[in-house]
Amino acid sequence: DLSAKHMRMLRVLDNVRQQLKKVKEIAERKGFTKELNDLFGEAGLQKTLESDEFTCFKRLYQDALRRMDKMKQLDHARSHGQEPFGLGGRGRAVVQVQAG
């Protein structure tokens, strides 16, 4: 399934992003900030990390995770015979009016 492959790739990219962040933190703690920045620059990694595509990745990944979580909640509610989040049938808000 294409969407499952897409999510796996997003997870892998997020792991790499987190690992690179940790490498930078370790290098700073050990006094190798300049050396690491030089290596990242020479390898072209710094340019990639600062690119628009890479910086928006985190937001897109978190959005995908949030949507997956919401789908799980919807499926769980529906499997228990509940209308999730106050939505009726086709995703329309349910409004109850009381006669006065």
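Here, each number is a calculation from the coordinates, and none is a lab measurement. Just so you know, these numbers come straight off a predicted model, no measurement behind them. Don't worry about glycine lacking a Cβ; one is built from the backbone with ideal geometry, like all the others, and counts go over all protein chains shown.
Would you be able to tell me the number of residues in region 27-86 that are part of a helix (DSSP H, G or I) and either within 22 Å of Met7 (Cα to Cα) or touching a strand residue (DSSP E or B) at 6+ places or on another chain (Cβ under 7 Å) (or both)?
28
Given the criterion surrounded by 12 or more Cβ atoms within 10 Å (Cβ to Cβ) and within 28 Å of Arg8 (Cα to Cα), identify the matching residue among Lys47, Lys22, Lys70.
Values: Lys47 fails: surrounded by 12 or more Cβ atoms within 10 Å (Cβ to Cβ); Lys22 fails: surrounded by 12 or more Cβ atoms within 10 Å (Cβ to Cβ).
Exactly one residue qualifies, and that residue is Lys70.
Any idea which of (1) surrounded by 11 or more Cβ atoms within 10 Å (Cβ to Cβ); (2) on the phi > 0 side of the Ramachandran plot is the one Gly31 doesn't satisfy?
(1)
Kindly list, by first and then second residue, each pair from a residue in region 11-23 that is without any contact (Cβ under 8 Å) to a residue 24 or more places away in the chain to a residue that is among the charged types (D, E, K, R), limited to pairs with Cβ atoms under 8 Å and residues at least 6 apart or on different chains.
Cβ pairs passing all conditions: none.
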